[in-house]
1. Would you pick out the residues in segment 292-319 that are in a helix (DSSP H, G or I) and touching a Phe, Trp or Tyr at 6+ places or on another chain (Cβ under 9 Å)?
2. Suppose we keep only residues that are within 11 Å of the ligand (Cβ to nearest atom) and farther than 19 Å from Gln327 by Cβ within segment 70-91. Which one would you say is least open to solvent (accessible area, probe 1.4 Å)?
3. Quick one: which of Arg66, Arg53 is more than 22 Å from Glu337 (Cβ to Cβ), part of a helix (DSSP H, G or I) and near the ligand (Cβ under 10 Å from one of its atoms)?
4. Could you say which residue among Ala321, Ala352, Ala357, Ala325 is out of contact with any Pro (no Cβ under 9 Å at 6 or more places or on another chain) and either over 24 Å from Leu4 (Cα atoms) or free of Cβ contacts under 8 Å to residues at least 24 places away in the same chain (or both)?
5. When Ile94 is evaluated against the numbered criteria (1) more than 30 Å from Val313 (Cβ to Cβ); (2) open to solvent by less than 40 Å² (accessible area, probe 1.4 Å); (3) within 15 Å of the ligand (Cβ to nearest atom), which criterion, by number, is the only one it fails?
6. Among (1) more than 12 Å from the ligand (Cβ to nearest atom); (2) under 17 Å from Leu247 (Cα atoms); (3) crowded, with 24+ Cβ neighbours inside 10 Å, where does Ala188 come up short?
7. Among the residues of segment 50-60, what is the count of those that are open to solvent by less than 40 Å² (accessible area, probe 1.4 Å) and of a type in the set (A, V, I, L, M)?
8. Tell me which residues, restricted to segment 1-49, are without any contact (Cβ under 8 Å) to a residue 40 or more places away in the chain, crowded, with 17+ Cβ neighbours inside 10 Å and part of a helix (DSSP H, G or I).
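The values are calculated or read from the model by the stated rules, or taken from the named source; none is laboratory data. All figures in this text were calculated on a predicted structure; none of them were measured in a lab. Don't worry about glycine lacking a Cβ; one is built from the backbone with ideal geometry, like all the others, and counts go over all protein chains shown. The accessibility values were calculated without ligands, DNA or RNA, using every heavy atom of the protein model including side chains. Shrake-Rupley method; radii C 1.70, N 1.55, O 1.52, S 1.80 Å.
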Amino acid sequence: MIKLRVAMIGAGVMGKAYSLAIASLPMYVWPTTWVIERELVVELTPELAEEARVRYGFARAATDWRRAVEDPSIDAIIILTPPREHAEVALAAIANGKHIVCEKPLATSAADARLVYESAETAGIVHQVGLNFRLAPAVQMGLKLLREGAVGEVISYRGSWLTDQYLDESLPYSWRSERGGGALGDDAPHAIDFAHAFVGEITEVVATSGTVITERASAVDQTTSVVEVEDEVNLLMKFATGQNGTLEGSRVAAGRKVTWGFEINGMNGSLVYDWERKEELRYYDARDAPDRVGFRTILAGPSQPGGEHFWPVACFGTGYAETKALQLLQFGRAVFEDQPVDTSFSEGLRVAEVIEAATRAADTQSWQRVAHAGAAAA
Ligand SMILES: NC(=O)c1ccc[n+]([C@@H]2O[C@H](COP(=O)([O-])OP(=O)(O)OC[C@H]3O[C@@H](n4cnc5c(N)ncnc54)[C@H](O)[C@@H]3O)[C@@H](O)[C@H]2O)c1
């Protein structure tokens with residue numbers, strides 16, 4: 001069995017997701033010729049690192065990511081730190097020839113994302129950004145239906161990412177209050193990625209945004225700081241292929257938990273998806289006979305792309321960690337079998353370019369072109 005020995009940098013919420021995915025991967029995908037080995041976990045303090053080592057099943061613990069990226073016994077780096085450190089860690093890992101999984105956003109600016117993407121390409125490493133939502137079997141089924149012409153020519157796209165986590169004024173100031181966090185940096189990447197996957201390149205955006213809870217207190221000493229980023233944002237966008245679309249994002253939408261999804265209207269029908277009902281894809285066929293029109297609900301299971309790895313019947317539960325397992329399956333297959341990954345750094349760069357244009361559009365209240373380094377990404 002070939003081993004891909006990884007160092008995981010950061011072991012917060014995403015540390016749990018990746019550790020579950022790594023551990024479960026051979027249980028879901030078997031037989032296999034390779035496995036991912038949890039070699040080293042890096043956290044800020046020796047106590048946090050050791051706790052993560054024991055809890056998440058790693059062989060070693062450390063506190064210095066620089067030594068981890070130089071460690072010859074490590075094949076790949078998984079970057080799960082707050083966004084402001086992504087580019088620096090990724091560039092150091094690239095310089096040491098490591099393959100990389102980096103969580104979204106790839107970087108906190110489009111310029112940094114471009115540098116990381118181009119450096120990774122030049123170095124010839126395998127690179128992937130953690131845009132796992134598009135790998136959900138129900139979403140992949142939507143893409144399959146789209147490719148098959150089931151909705152016909154796409155007319156318009158509506159995307160949303162709504163949650164209410166930040167309605168809670170007692171949530172402390174954190175990296176999610178700074179650039180790279182917020183409705184655009186933290187939550188939008190998956191929604192923008194859906195738009196890219198289903199329609200294509202976004203060329204122009206105009207946006208409004210607002211911050212509802214403008215100050216938050218430190219969890220350490222209760223001093224307050226101004227929140228740098230938006231709690232909600234609305235975008236109108238134009239696609240290179242001529243369609244129009246909207247994206248609506250909020251982290252203060254009471255009652256919404258993970259309303260991350262899309263509605264695509266085409267000449268032959270529509271597709272509707274919402275992550276809160278992650279195993280259900282709704283499809284409307286405009287060619288149905290008039291006496292039976294209506295949306296049908298496709299229940300995701302072993303018959304939808306990716307679902308074959310999990311359970312023998314639909315609705316047994318293909319959840320969040322399973323999409324991370326699908327993401328890591330692509331990563332390992334890229335390393336050992338020369339297969340492509342759907343969400344390479346080029347996708348992370350395309351997302352960063354849209355976020356930057358949307359930020360400029362909201363600041364200037366004007367249409368902004370999305371600067372497409374994306375030509376390289378296409
Ligand atoms: N793909 C997704 O669905 C998804 C979901 C949530 C978060 N994320 C992304 O994952 C990343 C991490 O998010 P999270 O929710 O796990 O955050 P988190 O705050 O829960 O965890 C971050 C961890 O990194 C550690 N850390 C910070 N600096 C470090 C350093 N220099 N070296 C080692 N460890 C360090 C912190 O101690 C913390 O435990 C973010 O980029 C976020 O946007 C992605």
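1. The first filter runs over segment 292-319 and keeps only residues in a helix (DSSP H, G or I), leaving 292, 307-309.
Answer for segment 292-319, where residues must be in a helix (DSSP H, G or I) and touching a Phe, Trp or Tyr at 6+ places or on another chain (Cβ under 9 Å): just His309.
2. Step one: of segment 70-91, the residues within 11 Å of the ligand (Cβ to nearest atom) are 78-86, 88-89.
Filter once more, keeping what is farther than 19 Å from Gln327 by Cβ: 82, 84-85, 88.
On the way: Pro82: 33, Arg84: 138, Glu85: 54, Glu88: 91 Å².
Within segment 70-91, the match that is least open to solvent (accessible area, probe 1.4 Å) is Pro82.
3. Details: Arg53 fails: near the ligand (Cβ under 10 Å from one of its atoms).
One residue alone meets the criteria, Arg66.
4. Working: Ala321 fails: either over 24 Å from Leu4 (Cα atoms) or free of Cβ contacts under 8 Å to residues at least 24 places away in the same chain (or both); Ala352 fails: out of contact with any Pro (no Cβ under 9 Å at 6 or more places or on another chain); Ala325 fails: either over 24 Å from Leu4 (Cα atoms) or free of Cβ contacts under 8 Å to residues at least 24 places away in the same chain (or both).
Among Ala321, Ala352, Ala357, Ala325, only Ala357 is out of contact with any Pro (no Cβ under 9 Å at 6 or more places or on another chain) and either over 24 Å from Leu4 (Cα atoms) or free of Cβ contacts under 8 Å to residues at least 24 places away in the same chain (or both).
5. Condition (3) is where Ile94 drops out.
6. Failing condition for Ala188: (1).
7. Summing the residues that are open to solvent by less than 40 Å² (accessible area, probe 1.4 Å) and of a type in the set (A, V, I, L, M) in segment 50-60 gives 1.
8. Selection gives Ser19, Leu48, Ala49.
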